[in-house]
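The values are calculated or read from the model by the stated rules, or taken from the named source; none is laboratory data. In this text the structure is predicted, and so the values were computed from the model without any measurement. Please note: Cβ atoms are built from the backbone with ideal geometry, for glycine as well, and neighbour counts cover all protein chains shown.
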Amino acid sequence: MTDWFVRLIGKELDLKILSKFFNFKELSISKKDGGFYLYNEEYCNIKNPDDVLKETEDLINNLNGIAKLQHNSFKPVKTGSVMFYDKDGRKNAFVSLSSNFEMWALVSATAHIIGKDGKEKQTTVENVVQQ
């Protein structure tokens, strides 16, 4: 069994609001090692830090919603790294990297049209394609 912690990213005031609302044995948000960390007892049987992060996504959306209902000025927080402390007290942190990119291309086609009179007309069409 591993006690996983998920670092939360956001404004200090919003993180403090969450830590006041969620301060239970089974589910807590607390400040330690210079950051705010979410602890969820249900993560103890999870072996992989990526699975911990996946499980946290829905939970943090719900926690953000609850905090927003209580404080209109609350801004949602996001998840950061996942960590645990080993038996010797050493901190083990796991960072998951992901990226989005946008690709686009300018596509152009030229049509050569020969009319009945034998004259050639040229038409160019351009379009931007995004993926």
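Just a yes or no: is a residue in the range 38-49 modelled with pLDDT of 90 or more and within 16 Å of residue 76 (Cα to Cα)?
yes
From 55, 42, which residue is without any contact (Cβ under 8 Å) to a residue 40 or more places away in the chain and under 15 Å from the mean Cα position of the chain (by Cα)? Quick ask: steps written out before the conclusion?
Values: 42 fails: under 15 Å from the mean Cα position of the chain (by Cα).
When all the criteria are applied, what remains is 55.
What is the residue count in the range 93-129 for residues that are modelled with pLDDT under 75, assigned to a strand (DSSP E or B) and within 30 Å of residue 80 (Cβ to Cβ)?
Total satisfying the criteria: 0.
Which of the residues that make up the range 25-50 are aromatic (Phe, Trp, Tyr) and either in contact with a helix residue (DSSP H, G or I) (Cβ under 6 Å, 6 or more places away or on another chain) or surrounded by fewer than 11 Cβ atoms within 10 Å (Cβ to Cβ) (or both)?
The answer is 36, 43.
Taking only pairs six or more apart or across chains, which ones have beta-carbon atoms under 9 Å, a first residue in the range 1-23 that is over 15 Å from residue 57 (Cα atoms), and a second residue that is crowded, with 19+ Cβ neighbours inside 10 Å and at pLDDT below 90?
2/43; 3/43
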